[in-house]
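A.B. asks: Just passing along the structure, written as structure tokens.
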Amino acid sequence: MIGAYFFITMIRYDCFSSIGLEFSTSSSRVGDHTVNYVALKMLFGDRAKYLMLLCGLTFAVMLIVQQGSIFWGLMMWSQASITNLNVPIWVTDPGIAQVDEVKPLADTAVDRVRSVDGVEWAVPLYKGLLRARLATGEYHQITLTGLESATLIGRPAEVLEGRFEDILQPDAVVLDQWAVERMGGPTVVRVGTIFELNDKLARVVAIAKTQKSFTNIPVVYTTYERAMRYVPHERRILSYVLAKHKDGVPVEDVVQRIRTQTGLGAFTQEDFGFKTYMWVLVNTGIGINFGTTILLGFIVGMAIAGQTFYLFTIENLRQFGALKAMGASSFTLSRMILLQAFTVGLTGYGIGIGFATVFGFLTARGGNLPFAETWQLLLLVLVALLAICLVSASVSIIKLARLEPAIVFR
Amino acid sequence: MNDNSQPAAVRARGIVKSFGSGDTQITVLKGIDLDIYLGELLLLVGESGGGKTTLLSAIAGILDINEGNIDVLGVPLSALPANKRTRFRGQTMGFIYQQFNLLPALTAAENVAVPLLIQKVGRAEALRRARVMLNRVGLADRTEFLPKNLSGGQQQRVAIARALVNEPRLLICDEPTAALDGPNGQKIMELLREVGRSPDRCVIVVTHDSRIFHFGDRMANLTDGRIVNIEQISQEGTA
Ligand SMILES: Nc1ncnc2c1ncn2[C@@H]1O[C@H](COP(=O)(O)OP(=O)(O)OP(=O)(O)O)[C@@H](O)[C@H]1O
Ligand SMILES: [Mg+2]
């Protein structure tokens with residue numbers, strides 16, 4: 001898609017010239033198109049000015065898309081603990097605020113969820129913070145994730161090294177790649193490495209690939225049963241019940257039924273993600289800090305875009321005045337200006353997105369930087385940019401309507 | 001050849017125009033009465049800053065006046081709403097400006113074609129007629145040049161071709177020969193006089209250039225905001 005943008009942008013000028021040629025050979029073409037031709041030539045004709053204009057718009061779009069994507073990426077990270085497990089329904093304490101705040105449930109919760117109509121399966125999940133002690137003596141805080149051993153539901157989709165099933169072997173654990181990174185890299189931690197969790201042995205049998213999480217605390221996978229051995233004795237260790245709705249039954253209905261029948265909190269994966277995401281926005285500095293940066297980027301970007309285009313028309317005011325003196329109506333001139341605005345706006349949009357994407361691709365490769373360029377963001381930027389083009393074009397149009405074409409005589 | 005029984009193409013009465021307001025207000029036109037007849041070339045002379053360009057703008061309907069009436073080809077300009085006035089101007093008038101006001105991004109031929117394009121003439125036809133007109137001003141070999149690659153005089157001739165291309169009935173020229181050398185100036189004036197001589201067209205030319213005075217039929221002198229004198233120019237040797 002991005003390639004297409006580039007392509008269209010690059011061929012636009014030539015394409016337009018060749019269409020122009022066709023116009024000139026078919027004399028039946030009427031004026032509407034021909035004045036458009038004058039408008040586009042005015043736009044493209046002064047290459048230097050056009051490139052300046054394009055640079056301004058491209059920069060604005062790039063700035064916004066880049067900042068927005070990083071923000072969105074960060075927000076994706078905040079949901080990583082949920083999306084990494086990728087199950088449709090999360091059941092937990094009704095008062096829960098976000099995924100990392102675990103409120104343990106009674107063990108009976110799993111059966112209670114299973115008994116709800118429309119539930120296909122329900123399994124327990126342990127999730128808790130623990131300290132790992134490496135052979136070097138170093139301590140690291142980790143998130144222990146205990147999956148039900150019979151199904152291993154919630155296991156990562158991709159395994160980088162080893163076999164995930166080996167987690168069923170005695171003392172076996174699986175790390176995610178961030179754990180390897182945080183705990184000292186592959187020379188310190190790899191398949192076969194042995195470390196301690198609460199003075200009990202843990203042996204790495206595989207490395208899995210996960211989405212980086214916001215807190216960047218390493219994830220250690222084990223089975224639910226074994227998790228009970230690792231954690232200090234607590235009355236309740238069931239953190240979540242993961243469930244799936246039966247095919248053909250709407251997931252929202254099942255969630256609602258679980259709530260009413262068990263009195264527990266139940267959420268779809270999306271809702272729980274959103275809840276967590278909102279919690280991060282409101283309760284951490286990220287919402288304010290990053291939000292203001294992005295808002296500023298947005299305002300600055302849009303101001304640049306509007307300003308550049310406005311200057312462009314102001315510089316052309318005399319030319320428009322000459323056209324007006326030669327009998328071009330205000331309507332015709334407005335159309336010309338709008339055509340120019342949207343042409344350069346869309347071109348800048350395409351190139352800007354291209355650059356932002358390349359940036360994102362280069363920096364976020366490997367998942368180390370948050371960068372999520374979503375279509376919603378692209379659409380938002382498009383709408384905003386078109387609005388800015390429209391506004392600055394309108395300002396120019398009003399100025400032009402007030403313009404006394406007599407300036408051309410001076 | 002111009003007796004005043006011919007119909008007036010332009011009839012201006014009591015034109016007053018001031019700029020600014022309060023203490024800085026200056027009244028440039030202080031009550032102008034002027035008739036321009038079909039079939040004539042009227043010269044407008046006068047001191048620099050005297051208001052010649054201002055008067056042309058008023059006649060063209062691109063500058064609002066404070067007082068007075070202007071009829072062009074029997075149509076009272078002030079009675080026309082702005083958009084109709086614009087269309088009327090596009091259909092009936094042609095302009096040659098003191099500054100050329102060519103569109104820098106368009107070739108000579110495209111520049112000349114602009115008034116036709118505005119009148120919704122198809123592009124191929126507009127360009128064809130533009131080239132014919134460029135040929136008439138001696139620029140047949142420069143039709144595809146951009147203005148920046150033309151000399152000042154050549155640019156002025158492009159501007160003249162543009163003013164003539166839609167065969168306007170009223171041709172308004174602000175110092176059309178200022179940028180031209182003697183021979184080229186003469187050539188252009190011959191062209192303009194030819195336009196002025198057509199029975200249903202007329203030309204008004206502002207000029208300082210005494211070498212072209214003999215192309216005019218009448219000469220009006222604008223001094224201190226008033227037409228102080230209109231004289232018939234003897235046409236020996238040209239008629
Ligand atoms: N838009 C304006 N605002 C204020 N003053 C103006 C404006 N247009 C013209 N003037 C003033 O009106 C006067 C007449 O100007 P105009 O351009 O009509 O003179 P001109 O006779 O064409 O002079 P020249 O021969 O030098 O071209 C000048 O004093 C000028 O400063
Ligand atoms: Mg002047």
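A.B. asks: Among the lysines, which have Cα under 16 Å from the Cα of A:Lys246 when same-chain residues fewer than 8 positions away are ignored?
C.D. replies: In chain and number order, there are no partners.
A.B. asks: Here is a further query. Could you calculate the FRET efficiency of A:Asn216 with A:Asp271 from 1/(1 + (r/R0)^6), where r is the beta carbon distance between them and R0 is 25 Å, rounded to 0.05?
C.D. replies: For A:Asn216 and A:Asp271, the calculated efficiency is 0.55.
A.B. asks: Greater than 30 Å separation of Cα atoms is the criterion. Which listed pairs, A:Lys49/A:Lys399; B:Lys120/B:Lys148; B:Lys17/B:Lys148; A:Lys41/B:Lys84; A:Lys103/A:Lys244, meet it?
C.D. replies: Long pairs (Cα-Cα over 30 Å): B:Lys17/B:Lys148.
A.B. asks: For the range A:106-263, build the charge dipole from Cβ charges (+1 Lys, Arg; -1 Asp, Glu) around the Cα centre, then report which of A:Ser115, A:Ala206, A:Trp178 sits farthest towards its positive end.
C.D. replies: The Cα lying farthest towards the positive end belongs to A:Trp178.
A.B. asks: Lys and Arg at +1, Asp and Glu at -1: add these up for the other residues within a Cβ distance under 12 Å of B:Gln156 and post the number.
C.D. replies: So the surrounding residues net to 0.
A.B. asks: So, one more: What is the range A:106-263's relative contact order, in percent, from Cα pairs under 8 angstrom and six or more apart in sequence?
C.D. replies: Taking the mean separation of contacting Cα pairs over the length of the range A:106-263, I get 36 percent.
A.B. asks: Based on the alpha-carbon gyration tensor of the range A:106-263 and its eigenvalue square roots a ≥ b ≥ c, which shape applies: rounded if a/c is under 1.5, prolate if not and a/b is larger than b/c, or oblate?
C.D. replies: It is prolate, given that a/c is not under 1.5 and a/b is the larger ratio.
A.B. asks: Along the charge dipole of the range B:174-239, pointing to its positive end and built from +1/-1 on Cβ of Lys, Arg, Asp and Glu, which listed residue (B:Val195, B:Val228, B:His208) has its Cα farthest out?
C.D. replies: My answer, from the dipole projection, is B:Val195.
A.B. asks: Take A:Thr187 and A:Gln141, extend 7 Å from each Cα along the Cα→Cβ direction, and tell me the distance between the two endpoints in nm.
C.D. replies: For the pair A:Thr187/A:Gln141, the computed spacing is 2.7 nm.
A.B. asks: Using θ = phi - 60° and the Karplus relation 6.51 cos²θ - 1.76 cosθ + 1.60, list the HN-Hα couplings for the range B:192-200 in order, rounded to whole Hz, with x at every Gly or Pro.
C.D. replies: 5, 5, 4, 4, x, 7, 5, x, 10
A.B. asks: So if I take the centroid of the Cα atoms in the range B:186-239 and the same for the range B:128-175, what is the distance between those two points in Å?
C.D. replies: 20 Å
A.B. asks: Please say if the range B:168-239 is rounded, prolate or oblate, where rounded means a/c under 1.5 for a ≥ b ≥ c the square roots of the C-alpha gyration tensor eigenvalues, and otherwise the choice is prolate for a/b larger than b/c and oblate otherwise?
C.D. replies: rounded
A.B. asks: Averaged over peptide B:74-83, how many Cβ atoms belonging to another chain are found within 10 Å of each residue's Cβ?
C.D. replies: So the per-residue partner count for this stretch is 1.
A.B. asks: Moving on to the next point. Over the whole of B:108-117, what's the average partner chain Cβ count within 10 Å per residue? Rounded to a whole number, please.
C.D. replies: 4
A.B. asks: Something else about it: What dipole magnitude, in Debye to the nearest 20, does the range A:106-263 give about its Cα centre under +1 on Lys/Arg Cβ and -1 on Asp/Glu Cβ?
C.D. replies: That gives the range A:106-263 a dipole magnitude of about 300 debye.
A.B. asks: Continuing with the same structure: Using the Karplus equation 6.51 cos²θ - 1.76 cosθ + 1.60 (θ = phi - 60°), what ³J(HN,Hα) coupling, rounded to whole Hz, does each residue of the range A:345-362 give in order, writing x for Gly and Pro?
C.D. replies: x, 5, 5, x, 4, x, 5, x, 5, x, 4, 4, 5, 4, 4, x, 4, 6
A.B. asks: Shifting gears a bit: Please find the FRET efficiency linking B:Ala82 to A:Ile288, where r is the Cβ-Cβ separation and R0 is fixed at 60 Å, and quote it to the nearest 0.05.
C.D. replies: Once rounded, the FRET efficiency stands at 0.70.
A.B. asks: For chain B, give the magnitude of the charge dipole about the Cα centre (Cβ charges: +1 Lys/Arg, -1 Asp/Glu; no others), in debye to the nearest 20.
C.D. replies: Dipole of chain B, to the nearest 20 debye: 900 debye.
A.B. asks: Report the GluC sites (Glu not before Pro) located in the range A:232-287 that are in a DSSP loop and have at most 16 other Cβ atoms inside 10 Å of their Cβ, or state none.
C.D. replies: Of the GluC sites (Glu not before Pro), the ones in loops of the range A:232-287 whose Cβ has at most 16 other Cβ atoms within 10 Å are A:Glu234.
A.B. asks: Rounded to the nearest 20 debye, what is the charge dipole size of the protein assembly as shown about its Cα centre when +1 sits on each Lys and Arg Cβ and -1 on each Asp and Glu Cβ?
C.D. replies: Using Cβ point charges on Lys, Arg, Asp and Glu, the protein assembly as shown gives about 420 debye.
A.B. asks: Which stretch or stretches of the range A:249-288 have amide N atoms under 15 Å from the point lying 7 Å from A:Asp93's Cα along the Cα→Cβ direction?
C.D. replies: A:264-266
A.B. asks: Sticking with this one: If R₀ is 45 angstrom, what is the calculated FRET efficiency for the pair A:Asp107 and A:Val300, using the beta carbon separation as r and rounding to 0.05?
C.D. replies: The calculated FRET efficiency here is 0.25.
A.B. asks: Peptide B:91-97: average number of partner chain Cβ atoms within 10 Å per residue?
C.D. replies: Rounded to a whole number, the mean comes out at 3.
A.B. asks: Sticking with this one: Compare A:Thr136, A:Thr284, A:Thr260 in a GNM of chain A, Cα atoms joined below 10 Å, and give the one with the largest fluctuation.
C.D. replies: Largest GNM mean-square fluctuation: A:Thr136.
A.B. asks: Modelling each spin label as a point 7 Å along the Cα-to-Cβ direction, I'd like the A:Phe361/B:Phe19 distance in nm, to one decimal.
C.D. replies: 5.7 nm
A.B. asks: If you take the square roots of the eigenvalues of the alpha-carbon gyration tensor of the range A:202-305 and sort them as a ≥ b ≥ c, do you get rounded (a/c under 1.5), prolate (a/b over b/c) or oblate?
C.D. replies: Note, shape of the range A:202-305 comes out oblate.
Bear in mind these aren't lab numbers, they're just calculated from the coordinates by the rules spelled out. What you are looking at is a predicted structure, and each value in this text was computed from that prediction instead of being measured. Cβ coordinates were reconstructed from backbone atoms using ideal geometry, including for glycine residues, and neighbour counts include every protein chain displayed.
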